[in-house]
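As structure tokens, the structure follows; a few thoughts come after it.
The values are calculated or read from the model by the stated rules, or taken from the named source; none is laboratory data. Please read these numbers as outputs of a predicted model, since none were measured by experiment. Virtual Cβ from ideal backbone geometry, glycine too; neighbours counted across all protein chains shown.
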Amino acid sequence: MPAPVSVVVVGSSPLGDDDPVLDTARGLAARLGGRYDIVVPAAGDRTGGLDRDPVHLHRFAAPDRLRYLAAARRAVDRVSPAAGAVLMSSDPLAAVAVELSGARRRLPHLFQVQGEVVRPGPEYGSRLKRYTLGAATRAALRRATGVRVVSDGLRTAVAPFARGPVAAIGSRVDTARFHPGAGSSGRTVVMAGSRIPVKNHAVVCRAWPEVTAAFPDARLLIAGDGPLRPGAHDASVVLAGRVAPDAMPALLASARCLAHPSLSEGRPRAVLEAMACATPVLCSDIPAHREIVAPAAGRLVPPDDPGAWAAAIIALLRDPGGAAAMGRAARACVEERFEQEANLDRYAEFIRRVATA
């Protein structure tokens, strides 16, 4: 029997009590045989811990990034064992917290890269913000014991900067939870993702009047919270806000298609979950989507062309039989390449490799 390996992971995004990330943590903890601690900022007033042994969630109020970084660093030192553990970070800010911790002097660090942040493009904000993000990412790559990326394209991007081994282990889909339903009974198009600029909701919203001109009963449902209100111009566009994870499988399975116009992605979980539900996907033509969307399983659309998005959505609404065939191909693709259990096995093996580095 291999020795147990515990994990202490730091992230910069809040987690709820029902977040699917906790399912992933439980799966990894079962394979590694150790404790799994997750340190994240709190959402609103939802602070405090959540103990579901062997997974333990630690949430801290974060008025700003610097104060969260300090709180996360202290938490890492408090919960990390003396040995037999791996420190993990899910983004560059989290990596800084890990590298500044005292525990880092004795424990290895696995840095996760989930987006195009080595040399971030304009979709990531101002020039200063992009410079800071890229510099922090490259510094973390040079210091980390090992690096996990979510796509082959990202592996190519990070390899020149990484000191340790790099493994491409993509997003995982629970195909028992995300499965085909009774099929779409209407003309609902879903967009899933936080309402932030990089998700590019606005291009589909600009295309939407052309869609409703062809199909007045069409509905666009945007699942995700955030500061932007991208073109919510009439009753056919619904800002659903955060949708509970337990409700997402039924929502995706009942949609005619998923529109995912992001300007940058790592390995988009929403796309894979929709494909697992046998829901056709229309995705922006960017490297991350090219890796996962086969021609039979979906369509790639220029990210900045509202006319092309309107045409792609209208084509699926006009051809329910073709949409259903595309959805079946999408489900088959996920079952073959992105099934959760196989990917968790690979992920746990890489964590063990880093633990012995």
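Failed condition for M275, given (1) farther than 20 Å from D19 by Cβ; (2) over 16 Å from the mean Cα position of the chain (by Cα); (3) surrounded by 24 or more Cβ atoms within 10 Å (Cβ to Cβ), with all others met?
Unmet condition: (2).
Going residue by residue through the stretch 255-263, is there one that turns out to be outside the structural domain of V147 (by TED's automatic domain parsing), within 30 Å of R143 (Cβ to Cβ) and surrounded by 21 or more Cβ atoms within 10 Å (Cβ to Cβ)?
In the first step, residues of the stretch 255-263 are kept if they are outside the structural domain of V147 (by TED's automatic domain parsing); the result is 255-263.
This time we only want the ones that are within 30 Å of R143 (Cβ to Cβ), so: 262-263.
Still in the list and also surrounded by 21 or more Cβ atoms within 10 Å (Cβ to Cβ): 262.
Checked against the condition, which is being outside the structural domain of V147 (by TED's automatic domain parsing), within 30 Å of R143 (Cβ to Cβ) and surrounded by 21 or more Cβ atoms within 10 Å (Cβ to Cβ), the stretch 255-263 yields at least one hit.
Determine if the stretch 328-337 includes at least one residue that is part of a loop (DSSP other than H, G, I, E, B), surrounded by fewer than 21 Cβ atoms within 10 Å (Cβ to Cβ) and in contact (Cβ under 8 Å) with a residue 60 or more places away in the chain.
No - not one qualifying residue is present in the stretch 328-337.
I'm trying to understand the selection: among the residues of the stretch 156-175, which are in contact (Cβ under 8 Å) with a residue 60 or more places away in the chain and in contact with a Leu (Cβ under 7 Å, 6 or more places away or on another chain)? First the steps, then the outcome.
First, pick out the residues of the stretch 156-175 that are in contact (Cβ under 8 Å) with a residue 60 or more places away in the chain: 164-165, 167, 169-175.
S171, R172, V173, listed by residue number.
For the condition outside the structural domain of R26 (by TED's automatic domain parsing), among the hydrophobic types (A, V, I, L, M, F, W, C) and more than 29 Å from P14 (Cα to Cα), what is the one hit in A274, A330?
Working: A274 fails: more than 29 Å from P14 (Cα to Cα).
Matching residue, one of A274, A330: A330.
What are the residues in the stretch 25-68 that are β-branched (V, I, T) and at pLDDT below 90, if any? Break it down stepwise before answering.
Start the filter on the stretch 25-68 by keeping residues that are β-branched (V, I, T), which leaves 38-40, 47, 55.
Correct list: T47 only.
Would you say L15 is surrounded by 15 or more Cβ atoms within 10 Å (Cβ to Cβ) and modelled with pLDDT under 90? Give the derivation first.
Details: surrounded by 15 or more Cβ atoms within 10 Å (Cβ to Cβ): yes; modelled with pLDDT under 90: yes.
So L15 passes the test.
Quick one: L128 ticks every box in (1) within 30 Å of P4 (Cα to Cα); (2) at pLDDT 90 or above bar one, so which box is it?
(1)
Which ranges mark the helices (runs of 4 or more DSSP H) fully within the stretch 20-119 that have 1 or more residues being among the aromatic types (F, W, Y)?
Ranges flagged: 65-79.
Quick one: how many residues across the stretch 143-159 are in a loop (DSSP other than H, G, I, E, B), of a type outside the set (A, V, I, L, M) and more than 27 Å from V293 (Cα to Cα)?
So the first thing to find is which residues in the stretch 143-159 are in a loop (DSSP other than H, G, I, E, B), and the list is 144-145, 150-151, 159.
Subset that is of a type outside the set (A, V, I, L, M): 145, 151.
Then keep just the ones that are more than 27 Å from V293 (Cα to Cα); that gives 145.
Number of matching residues: 1.
Filter the stretch 219-236 for residues that are surrounded by fewer than 20 Cβ atoms within 10 Å (Cβ to Cβ) and closer than 27 Å to R328 by Cα and give the result.
The answer is R219, L221, G224.
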